[in-house]
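Read through the structure below, which is laid out as structure tokens, and then see the notes.
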Amino acid sequence: MYVIQSRSLLAPGIAEFVVEAPLIAKKRKPGNFVIVRPTKTGERIPLTIVTSDAGQGTITLIVQAIGKTTRMMHQMGEGDAFEDVVGPLGEPTPVANYGRVVCIGGGVGTAVIYPMAKGLKDAGNEVISIIGAQKSDMVILEKEMGAVSDELLITTDDGSRGMKGFVTQALAGVMERGDQIHGIYATGPLPMMKAVADQTRASGTRTLVSLNPIMMDGTGMCGACRVTVGDSLKFACVDGPEFDAHAINFDELITRNRAYMKQESEALKSLESDQSCKAVRAL
Amino acid sequence: MSKKKEAREKFKKIMPMKPRERMQIPRHLPLEQKPECRIENFAEVSNGFNVELAAEEALRCLECNDPVCMQGCPVNVDIRSFIGMVYQKDYQGAINKIRESNYLPAICGRVCPQESLCESVCLVGKKNEPLAIGKLERFVADYELKNGGFTPPQKAEAKGQSVAVVGSGPGGLTVSAELARMGYDVTIFEALHEAGGVLKFGIPEFRLPKHIVDAEIDRVKALGVKIETNVIIGRTLTIDELFDEMGFEAVYLGTGAGSPRFLNIPGENLSDVYSASELLTRVNLMKAYKFPEYDTPLKLGRRVAVIGGGDVAMDAVRTSKRFHPEKTILLYRRSREEMPARAEEVHHAEEEGIEFHYLTNPVRIHGNEDGSVRAIECQKMELGEPDEQGRRRPVPVKDSNFMMEVDTVIVAIGQSPNPIIQQTTPGLETSKWGTIIVDEHGATSRKGVFAGGDISRGGATVIQAVADGKLASRSIDSYLASVREERSTKA
């Protein structure tokens, strides 16, 4: 069992969990993820390790409540435990001093970009970060991102915080300055990562994205996370999750990620009806 | 008189019939769930023998002086002796006898391809149907599970050395049981959240119930073997750390071949194309057949096509059938004769109403605008000259392409070794197929590291993994003995 040491709400529907997992905490590098099965009847879902504390033997995960599994995780708190946590998985982000890099996090993708930005900053890079959210109260990890960035830009869809617009617009501004950029790292919803890739393709700036395909075992066994990169078939769990954004077939991946939409909404409905029954029983 | 001879004399005395008469008894068939019932559930298809059927089947054994069945068994189970004990109703004796050679009898009695191993050489089979050795093995294993009576076999004195076993499939469990009996301290590391490996995620409940696998795992644990789940060797801990930081003196790699192969045809990444591994793991390990009680979903369409001809393809197609599509189709590019799947499973699949299309090779999967599967384009094949393995090679028939309307495609054409350990262990030699290279003793190029089963063979059977585990346990024992000796000379 992997005991939750603390849980705090970062934004509506987005919570941070500090979980006991000493072996993983000791090994984890930026870009790694874990597979979590919250309960005995639960699914195995991949989550990026935001940060870790080898001394305390803990890892930090950030979870947005979207489907049944993530909503159930949100109902767990300090002292509860996840049934299974396994990792660290995936190839770590290759980190060196490249020069000037841009790190982009969209929505809860900011939780994924943070360890990468920190790793790049620790390696001596000049880090320009862009984090985007729907509105001001959905902006997460602002302080943490600020601490590892030389410059932090914030965008919101409605303009309630920072620049009004999408992260791609902020990126355009950074690119227009004419300073040389040695690498762009983007994590967030697939359409956002695709848009960033399209934007940087012409200039040929090295662009890496961390993919979030459907995944089950995380060890290269199920093949669900397969993605076409250039001419080859890659498994995001063992070959990735980071890939050259310009080589990824995003359209294929977007379709594959929609595979279980119907089942997911069915599961969510059953969770809701189950909970309304519980509420009635409680009365 | 030796004990063995004594037992044989006793057996002869109680035998009511002459060998010639016994040869005439037809092979007993265990009761099975009817096809129309079993496609409605995931319960085991075969009910196995009861006491009466087992005794009558055991009567068919000729007690050959030179039991060829034993040589047909990759782990040389003393088949003649255990069957004699079944006839004498000494079921505990029979299971103990099997366990001397094979620690996983309830599993092997169910999933071994007996028809091409022990039963294929059984002398009764020369004139009549061979003895149902597998079903008898299963019977005694189940009898013990139902009636208790298990006491762990005696262990040798503790040797004070510990061994790490990577993977808890049939090979890992076997090597662990053998080493524990020799007095070693054994810890199994398993990447998934449950022990059992392919026995849990790969083989369906209707062929090998999970509680049977768990019961055999408990027998291994009873020998003092520890199992750590959720530990991925190569990621959570490396091989070097097992030696240097954790004090293990030998490592066995039984990580299997879990990485699915694909056909590399257009349309293979449409959203309704699965690997058999994904389908089977969702259903077997994650219990997608109990969705939404269990959270892992499975999405199968109205017409499901499975591509392949091995046991995994049979498991995938029969699993799909239990989700009630209108059509469940199997596509295989050779003919029924060349199909590598077990005869019993092919027969079961046919009974369950699977549509078999032989000499049919998929060349392209066609999708709808939304990225879902619409149809599979195939070409007809004919058989040409035999290949290196002696199987006749399928050759496309010119201008024979045709379309088959399907909305789910499952690719079951084989697995490659999982690459994580090879990628993270310096000095471990691998082949161009990614398998770990071992010598005739199961030793790898790294000192103290041994391997076996699918990770070194690339794709074999449960019993082969068991055989490799046994071989490696002897090699590890002699390796660790030399380590002990070296240590004592130094001291």
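The values are calculated or read from the model by the stated rules, or taken from the named source; none is laboratory data. Just so we're clear, the structure is a prediction, and the values are computed from it rather than from any experiment. Here Cβ is always computed from backbone atoms with ideal geometry, including for glycine, and neighbour counts include all displayed protein chains. Areas reflect the complete protein model, heavy atoms only, side chains present, ligands, DNA and RNA absent. Shrake-Rupley method; radii C 1.70, N 1.55, O 1.52, S 1.80 Å.
Is it the case, given these coordinates, that residue B:285 is under 28 Å from residue B:435 (Cβ atoms), of a type in the set (A, V, I, L, M), more than 11 Å from chain A (Cβ to nearest Cβ) and crowded, with 20+ Cβ neighbours inside 10 Å? Considered against the rule, which asks whether it is under 28 Å from residue B:435 (Cβ atoms), of a type in the set (A, V, I, L, M), more than 11 Å from chain A (Cβ to nearest Cβ) and crowded, with 20+ Cβ neighbours inside 10 Å, residue B:285 comes out as no. Considering (1) touching a Lys or Arg at 6+ places or on another chain (Cβ under 8 Å); (2) modelled with pLDDT under 95, the lone condition that residue B:193 does not fulfil carries the number (2).
Looking at the structure I just gave you, is residue A:170 surrounded by fewer than 20 Cβ atoms within 10 Å (Cβ to Cβ) and over 18 Å from the mean Cα position of the chain (by Cα)? No; evaluated as a whole, the condition is false for this residue. The residue that is farthest from residue B:393 (Cα to Cα), among those in region B:368-382 that are open to solvent by less than 70 Å² (accessible area, probe 1.4 Å) and more than 13 Å from every other protein chain (Cβ to nearest Cβ), is B:375.
Residue under question is residue B:386, and the condition is that it be open to solvent by 30 Å² or more (accessible area, probe 1.4 Å), over 26 Å from residue B:37 (Cβ atoms), within 26 Å of the chain's Cα centre (by Cα) and not polar (S, T, N, Q); does it hold?
Here the answer is no, as residue B:386 does not meet what is asked.
Considering A:127, A:108, A:95, which residue is β-branched (Val, Ile, Thr) and without any contact (Cβ under 8 Å) to a residue 40 or more places away in the chain? Within the list A:127, A:108, A:95, the selection yields A:127.
Taken over region B:329-367, the residue count meeting the criterion of being within 20 Å of residue B:400 (Cα to Cα), in a loop (DSSP other than H, G, I, E, B) and in contact with a Gly (Cβ under 7 Å, 6 or more places away or on another chain) is 2. Based on this model, can you work out whether residue B:161 counts as over 30 Å from residue B:312 (Cα atoms), modelled with pLDDT under 95 and either in contact with a Pro (Cβ under 9 Å, 6 or more places away or on another chain) or of a type outside the set (Gly, Ala, Ser) (or both)? For residue B:161, the condition - over 30 Å from residue B:312 (Cα atoms), modelled with pLDDT under 95 and either in contact with a Pro (Cβ under 9 Å, 6 or more places away or on another chain) or of a type outside the set (Gly, Ala, Ser) (or both) - is not met.
Where in region A:1-94 are there strands (runs of 3 or more DSSP E), lying fully within it, with 3 or more residues that are of a type in the set (Val, Ile, Thr) and more than 13 Å from chain B (Cβ to nearest Cβ)?
Details: elements: A:2-11, A:14-20, A:33-37, A:45-48, A:51-53, A:58-64, A:84-89.
Of the strands (runs of 3 or more DSSP E) lying wholly inside region A:1-94, those with at least 3 residues that are of a type in the set (Val, Ile, Thr) and more than 13 Å from chain B (Cβ to nearest Cβ) span A:58-64.
Within region B:117-136, how many residues are of a type outside the set (A, V, I, L, M, F, W, C), closer than 16 Å to residue B:67 by Cα and in contact (Cβ under 8 Å) with a residue 40 or more places away in the chain?
At the first step, the residues of region B:117-136 found to be of a type outside the set (A, V, I, L, M, F, W, C) are B:119-120, B:125-130, B:134-135.
Those still in the list that are closer than 16 Å to residue B:67 by Cα too: B:119-120, B:125-126, B:130, B:134.
With the extra rule that they be in contact (Cβ under 8 Å) with a residue 40 or more places away in the chain, the set shrinks to B:119-120, B:130.
Counting residues in region B:117-136 that are of a type outside the set (A, V, I, L, M, F, W, C), closer than 16 Å to residue B:67 by Cα and in contact (Cβ under 8 Å) with a residue 40 or more places away in the chain gives 3.
The residues of region A:46-92 that are without any contact (Cβ under 8 Å) to a residue 12 or more places away in the chain and small (Gly, Ala, Ser) amount to a single one, A:55. Kindly indicate whether residue A:190 is closer than 30 Å to residue B:192 by Cα, open to solvent by 10 Å² or more (accessible area, probe 1.4 Å) and away from chain B (no Cβ under 14 Å). No: the conditions fail for residue A:190. The set of residues in region B:246-274 that are within 11 Å of chain A (Cβ to nearest Cβ), touching a helix residue (DSSP H, G or I) at 6+ places or on another chain (Cβ under 6 Å) and assigned to a strand (DSSP E or B) contains only B:260. Scanning region B:288-323 for residues that are in contact (Cβ under 8 Å) with a residue 24 or more places away in the chain, assigned to a loop (DSSP other than H, G, I, E, B) and either open to solvent by 30 Å² or more (accessible area, probe 1.4 Å) or within 13 Å of chain A (Cβ to nearest Cβ) (or both) gives B:298, B:299, B:300, B:301, B:302, B:323.
Taking the criterion of being open to solvent by less than 10 Å² (accessible area, probe 1.4 Å) and touching a residue at least 60 places away in the same chain (Cβ under 8 Å), the residues of region B:235-257 that qualify are B:239, B:242, B:250, B:251, B:252, B:253. The residue of region B:324-337 that is surrounded by the fewest Cβ atoms within 10 Å (Cβ to Cβ), among those that are in contact (Cβ under 8 Å) with a residue 12 or more places away in the chain and within 22 Å of the chain's Cα centre (by Cα), is B:336.
When you go through A:207, A:255, A:228 one by one, which is the residue that is open to solvent by less than 10 Å² (accessible area, probe 1.4 Å) and among the hydroxyl-bearing types (Ser, Thr, Tyr)?
The unique qualifying residue is A:207.
Among the numbered conditions (1) buried (at least 22 other Cβ atoms within 10 Å of the Cβ); (2) modelled with pLDDT of 95 or more, the only one that residue A:144 does not meet is (1).
Here is a yes/no grid of residues against (1) buried (at least 21 other Cβ atoms within 10 Å of the Cβ); (2) without any contact (Cβ under 8 Å) to a residue 40 or more places away in the chain:
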position	(1), (2)
B:186	yes, no
B:192	yes, no
B:195	yes, yes
B:201	yes, no
B:209	no, no
B:216	yes, no
B:221	no, yes
B:225	yes, no
B:228	no, no
